[in-house]
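Working notes, beginning with the structure itself.
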Amino acid sequence: MPTPDGTATPTAMTAPGRPVSGAASHGASGGQPPRPGVALKAVDKDTTADVLFGIGAYGLWGLLPLYFFVLQPAGAVEIVANRVVWSLVFCTLLVTVTRSWGVLAAAFRDRAIFGTLSIAAALIAVNWLTYTYGVTTGQAVEAALGYFINPLVSVLLGVFVLKEKLRPLQWAAVGIGFIAVVVLTFSYGKLPWIALTLAVSFGLYGFVKKRIGPKADAVTSLTMETVVLTPLAAATMIFLAVSGTNTLGTQGSTHFWLLVSSGVITAVPLLFFGASARRLPMTTIGLLQYFAPVLQFIVALVVFKEAMTLDRWIGFGVVWLALLVLTVDMLAATRRNSVARKRALREARADT
């Protein structure tokens, strides 16, 4: 459930998209206060429409397990293959309507952009396959866990890849998260590999996409990634058809159109997120991100009736405690930065 528009979130929080930078580009997260005499950009305030777009994006991602459920008996590989192919069809329509073929062609000619988005495509393919496999095999709770853990992975990427220094509360959250993994490993009798694969692949995806930044917008990024994945996805669909194991054309017209709709269902929340993330403060985005795994968790328990033993509740509770610590740290850091900006603004006005 990525967000490909290149925006950054605070280190401790990750809106599915850009999880490892402490310098958010929308004026709500960390960074050095401006020097006196330097013009300050106004920070856009939350608007009802922007918040609704954000809720819509994370809400749709959170309800995605229900869509996979109605796609049965299609398996994870077939679902992801169709998702890629039909996303490309939808993106082609979007590029045509928005008259963005020139922008797309320029991005393809840029080797740095194409190479980076090719890596991103591979990472998101792993993420989609793992997530779909988890949901379609009765492991939606563990899949939701992956997106709860994701902010902790983002923090670790900041430390090991970007050499960032963590604040004490961030270190505390990482330590609590490690304890949670140990507890859940004991509960499951094995490493929760679905959750860890989702968290790591999505964290790396966000890191790679941040390298693109504003060089490619949401539609361009999604289109290029699906172009990279489409040959393999199309070959997979052909193989399933030849081997007689595909469901696209064998389960009736309703099933056919549900699979075809995967392109729209993939792209719409990405566009919703792009509409909100460009204006909402990163603090708001960081809090909205929890909508998705919370909804996934509720769907797994209420609709799919997946079992939650006492030790698993304890493990999830420890994860939520780690996220609470991260949230408190993020809000405190945002408040400090806001105070610093206001002080710098007063000093700048006093000097003029």
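Cβ-Cβ distances below 6 Å connect the following pairs, each with a first residue in the stretch 317-344 that is farther than 24 Å from residue 199 by Cβ, a second residue that is open to solvent by less than 40 Å² (accessible area, probe 1.4 Å), and a separation of six or more residues or different chains: 337/30; 344/34. The set of residues in the stretch 198-231 being open to solvent by 20 Å² or more (accessible area, probe 1.4 Å) and not in a helix (DSSP H, G or I) consists of 217 alone. Selection of the stretch 181-195 for residues being in a helix (DSSP H, G or I), open to solvent by less than 90 Å² (accessible area, probe 1.4 Å) and either free of Cβ contacts under 8 Å to residues at least 12 places away in the same chain or of a type in the set (Lys, Arg) (or both) yields 182, 185. Being closer than 14 Å to residue 54 by Cβ, under 17 Å from the mean Cα position of the chain (by Cα), aliphatic (A, V, I, L, M) and at pLDDT below 85 is true for just one of 280, 295. Which residue is that? Answer to the selection: 280.
Pairs linking a residue in the stretch 150-169 that is free of Cβ contacts under 8 Å to residues at least 40 places away in the same chain to a residue that is open to solvent by 50 Å² or more (accessible area, probe 1.4 Å) and not β-branched (Val, Ile, Thr), with Cβ atoms under 9 Å and 6 or more positions apart or on different chains, are 159/165.
Restricting attention to the stretch 235-267, the residues that are loosely packed, with under 15 Cβ neighbours inside 10 Å and under 23 Å from residue 114 (Cα atoms) add up to 1.
Entry remark, the stretch 301-331: residues being open to solvent by 30 Å² or more (accessible area, probe 1.4 Å) and either touching a Pro at 6+ places or on another chain (Cβ under 9 Å) or modelled with pLDDT under 85 (or both) number 3 in total. Looking across the stretch 139-180, the residues that are over 20 Å from the mean Cα position of the chain (by Cα) and open to solvent by 50 Å² or more (accessible area, probe 1.4 Å) come down to 160, 163, 165, 167, 168, 169, 171, 178, 179.
Those helices (runs of 4 or more DSSP H) of the stretch 267-352 in which at least 3 residues are more than 30 Å from residue 139 (Cβ to Cβ), considering only elements entirely within it, cover 282-288, 310-351. Selection over the stretch 196-255 of residues that are small (Gly, Ala, Ser), touching a helix residue (DSSP H, G or I) at 6+ places or on another chain (Cβ under 7 Å) and either free of Cβ contacts under 8 Å to residues at least 40 places away in the same chain or closer than 14 Å to residue 87 by Cβ (or both) gives a count of 5.
The values are calculated or read from the model by the stated rules, or taken from the named source; none is laboratory data. Because the structure is a prediction, the values reported are computed rather than measured. Every residue, glycine among them, receives a Cβ derived from its backbone with ideal geometry; neighbour counts consider all protein chains shown. These area figures cover heavy atoms from the full protein model, side chains too; ligands, DNA and RNA do not enter into them. Shrake-Rupley method; radii C 1.70, N 1.55, O 1.52, S 1.80 Å.
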